[in-house]
Amino acid sequence: MGRGGSARRPADARELPAELRLRLRVNGVMLELWLDPRVTLLDALRERLGLTGTKKGCDQGACGACTVLADGRRVLSCLMLAVTCEGRDIITIEGLDDEGGMHPLQRAFVACDAFQCGFCTPGQILSAVALLAEGRAGSDAEIREFMSGNICRCGAYPNIVAAIREVARDPGRASV
């Protein structure tokens, strides 16, 4: 601290702008937002866009509740800064539908009772969409391995695997 009680900023330090203009494609719609550059994709989706299907669980990337798709790949939105998503195609659970109806994985989750409280379900379903697109549903063990980043506190894992296996039998049904 200097004598006047204020900290001096080094001459080479750069201030970040309070907000940056950001163009995001979310669920097929191009949106323009003004965001603090430190805002996570999760907070931008929930707080600025009102897309509350994506859940904030641990906020540390450990539970998978915040999983969304970015250019078809699963990402943990609590660990990703929104500004890094400019120009990327973001899909949330709200954008996952089948011509106005439920996506095949959503139907399978209902049919197989693959959720209890439902908190983890959006992240589980989006992770499963990516898993199927990656071709990683060859066996129950493979499904469990590649879904291991998504925690279900209710323990519905056998039903989640059953739902994914059901959709995996007809791979053309599970695309985004």
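FYI, it's all coordinate maths here, none of it is from the lab. All figures in this text were calculated on a predicted structure; none of them were measured in a lab. Quick reminder, even Gly has a Cβ in these numbers, built from the backbone with ideal geometry, and neighbours come from all protein chains shown.
What the table shows:
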| item | result |
| --- | --- |
| Extension gain, Glu15 back to Met102 (0.36 nm per residue minus Cα-Cα distance, nm) | 26.8 nm |
| Extension reserve of the Arg136-Thr52 stretch, reckoned as 0.36 nm per residue once the Cα distance is removed | 27.4 nm |
| ³J(HN,Hα), Karplus 6.51/-1.76/1.60, whole Hz, each residue of segment 54-64, x for Gly, Pro | 6, 9, 9, x, 8, 6, 9, x, 9, 10, x |
| Exposure proxy order (Cβ contacts within 10 Å, fewest to most) of Val68, Val83, Val167, Val110 | Val110, Val83, Val167, Val68 |
| For segment 105-114, Karplus couplings with θ = phi - 60° (6.51, -1.76, 1.60), whole Hz, Gly/Pro x | 5, 5, 4, 5, 4, 5, 4, 9, 6, 8 |
| HN-Hα J in Hz across segment 154-170 - Karplus 6.51, -1.76, 1.60, θ = phi - 60°, x for Gly and Pro | 7, x, 7, 3, x, 6, 5, 4, 4, 5, 5, 4, 4, 6, 5, 5, 10 |
| Cα-projected label distance for Val110 with Asp71, points at 7 Å along beta-carbon direction, nm | 3.4 |
| Residues whose placed amide H lies under 5 Å from that of Asn27, excluding near-sequence neighbours | Ile90, Ile91, Thr92 |
| Mean shadow area of segment 52-140, taken as a quarter of the surface of its Cα convex hull (nm²) | 6.5 |
| Among Pro17, Pro158, Pro122, residue whose mean-square fluctuation peaks in a GNM of the chain (springs only between Cα atoms under 10 Å) | Pro17 |
| Cα-Cα separations in segment 15-90 greater than 21 Å, expressed as whole percent | 18 |
| Nearest-0.05 FRET efficiency for Met30 and Asp170, computed from C-beta distance (R0 35 Å) | 0.65 |
| Share of Cα-Cα pairs in segment 97-174 lying beyond 22 Å, as whole percent | 11 |
| Residues whose placed amide H lies under 5 Å from that of Leu81, excluding near-sequence neighbours | Leu41 |
| Hydrodynamic radius of the chain per Kirkwood, over alpha carbon pairs, in Å | 17.4 |
